[in-house]
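To start, the structure itself, in structure tokens.
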Amino acid sequence: MKQSRVSLYKAAKNQQVVGAEDVGNLPRSIYDIRDMGTPVIGYDTRKYHMSNKNNITRLEAHLSSHNLGKKTKETTIRAVMDIIRNYAITEPSQANAEKLKNQMLARGGKANSIRLYLIALRHWARSQGRDIEIVSEKKKRTGKYQDAVAMPHLDVPDPKAKIIDPATRFKLLHDPEMCLRDRAIFWVLFTTGMRPGEAAALTMDCILHDTKRLHVQHTKTQRDRIASLTDEAYGVLMEYVAERNLWLAQNGYNSDYMFVVREGKPINPDSIRQIWYRTKKRHHIEGRFYPYRARHTAITAMANIPGNNLRDVQKQVGQRSLEVLEHYLATDANAFQKRLNEGMAY
């Protein structure tokens with residue numbers, strides 16, 4: 001007979017043994033799990049209570065040292081706790097990574113989920129001073145990485161589905177109902193192809209006024225870069241900065257961050273996503289609508305400008321390789337033929 005969630009929680013807090021039939025009914029919050037320890041099928045929770053708590057503490061410290069976003073950290077911790085509880089893996093290792101992959105494939109897991117869990121397992125290993133070698137299937141086939149775990153092939157959706165059309169883009173950038181801060185964020189994202197987390201981390205010192213560029217420091221790839229702004233985007237940003245400075249002075253706040261919220265605190269990536277969701281509702285935009293679509297749109301637009309080099313686009317948006325950049329590009333055969341006729345007339 002299954003116990004209720006409350007009785008299971010109390011049982012775990014009292015360090016009692018939890019049966020296999022009751023494990024699936026345990027609280028799923030990472031904070032509940034961290035406080036109570038994770039009951040493992042067939043084992044006394046007293047044995048694993050402290051070890052799991054130490055695992056999470058070390059994992060959190062490791063993730064914080066890599067400047068990962070709050071959502072990424074929570075997702076990784078959730079994945080590790082799920083690995084411990086539902087896949088009976090109690091320590092990160094190369095063999096357990098292969099075991100995890102095979103178990104998830106047997107359960108019909110999708111490629112995205114398997115890749116997420118393998119990366120979470122590698123973070124767990126690195127938090128303990130170890131490492132797990134994970135490579136793409138293409139590299140695995142070369143024969144150089146015999147002991148590595150091959151990530152399942154990711155089916156990349158058609159990039160065209162993520163491109164925002166010019167009419168919608170113009171409507172968003174010139175929305176009269178949008179506050180100046182939100183409009184500046186939209187201009188920065190659509191002009192630079194910046195990630196939401198990178199935009200949230202911008203400070204006032206990042207503005208290079210003499211060249212109308214932004215010094216992007218807290219990046220996903222851990223590499224600083226210089227992102228160029230258009231004249232119009234720079235003008236909107238400067239208009240917002242003037243209003244921002246006045247508002248901070250009038251309210252007695254002080255902040256080095258560029259995009260701020262109440263009390264001068266920096267905006268976070270989740271707040272930027274909420275701005276997009278509110279904008280979607282106001283303009284009755286159908287389909288998925290999220291900040292990363294601005295990145296896809298900007299990369300495609302930059303690549304389609306005659307004379308632009310893909311290496312320059314790669315540096316502008318901060319991609320590690322041209323191979324990854326290709327996933328963001330949406331091609332148009334008709335437009336290409338038109339440019340071909342214009343640029344290759346002999």
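Here are a few things to note about the model shown:
- Residue in the stretch 108-117 that is out of contact with any Cys (no Cβ under 6 Å at 6 or more places or on another chain), in a helix (DSSP H, G or I), modelled with pLDDT of 90 or more and polar (S, T, N, Q) present: no
- Residues within the stretch 225-269 that are part of a helix (DSSP H, G or I), in contact (Cβ under 8 Å) with a residue 12 or more places away in the chain and among the hydrophobic types (A, V, I, L, M, F, W, C), tallied: 5
- Some residue of the stretch 237-248 being surrounded by 13 or more Cβ atoms within 10 Å (Cβ to Cβ) and polar (S, T, N, Q): no
- For the stretch 68-112, a residue qualifies if it is more than 25 Å from GLY129 (Cβ to Cβ), in contact with a helix residue (DSSP H, G or I) (Cβ under 7 Å, 6 or more places away or on another chain) and surrounded by 15 or more Cβ atoms within 10 Å (Cβ to Cβ), and exactly one does: MET104.
- So ALA150, is it more than 17 Å from ILE299 (Cβ to Cβ) and either outside any strand (DSSP E or B) or aliphatic (A, V, I, L, M) (or both): yes
- Residues within the stretch 205-224 that are part of a loop (DSSP other than H, G, I, E, B) and open to solvent by 50 Å² or more (accessible area, probe 1.4 Å), tallied: 10
- Against the criterion of being farther than 22 Å from LEU68 by Cβ and of a type in the set (Ser, Thr, Tyr), TYR117 does not qualify.
- Annotation: of all residues in the stretch 158-176 being among the charged types (D, E, K, R) and modelled with pLDDT under 90, the one that is surrounded by the most Cβ atoms within 10 Å (Cβ to Cβ) is LYS162.
- So ALA184, is it at pLDDT below 95, open to solvent by less than 20 Å² (accessible area, probe 1.4 Å) and of a type in the set (A, V, I, L, M): no
- Considering residues of the stretch 307-318 that are open to solvent by less than 80 Å² (accessible area, probe 1.4 Å) and closer than 14 Å to ILE226 by Cα only, the residue farthest from the chain's Cα centre (by Cα): VAL313
- Single residue of the stretch 206-234 satisfying the filter (under 15 Å from GLN316 (Cβ atoms) and among the β-branched types (Val, Ile, Thr)) that is modelled with the lowest pLDDT: THR221
- Residue check, GLY37 more than 28 Å from ARG273 (Cα to Cα), at pLDDT below 85 and open to solvent by 60 Å² or more (accessible area, probe 1.4 Å): no
- SER127 meets each of the listed conditions (1) in contact with a helix residue (DSSP H, G or I) (Cβ under 8 Å, 6 or more places away or on another chain); (2) over 25 Å from LEU63 (Cα atoms); (3) among the hydroxyl-bearing types (Ser, Thr, Tyr) apart from (2).
Here is a yes/no grid of residues against (1) part of a loop (DSSP other than H, G, I, E, B); (2) under 22 Å from the mean Cα position of the chain (by Cα); (3) modelled with pLDDT under 90:
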{"residue": "THR279", "(1), (2), (3)": "no, yes, no"}
{"residue": "ARG282", "(1), (2), (3)": "no, no, no"}
{"residue": "GLY287", "(1), (2), (3)": "yes, yes, yes"}
{"residue": "ARG320", "(1), (2), (3)": "yes, yes, yes"}
{"residue": "LEU325", "(1), (2), (3)": "no, yes, yes"}
{"residue": "THR331", "(1), (2), (3)": "yes, no, yes"}
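The values are calculated or read from the model by the stated rules, or taken from the named source; none is laboratory data. Quick caveat, the model's predicted, so the values are computed rather than measured. Neighbour counts run over all protein chains shown; Cβ positions are idealised from the backbone, glycine included. Ligands, DNA and RNA are stripped out before the accessible areas are found, and what is left, the full protein with its side chains, is counted by its heavy atoms. Shrake-Rupley method; radii C 1.70, N 1.55, O 1.52, S 1.80 Å.
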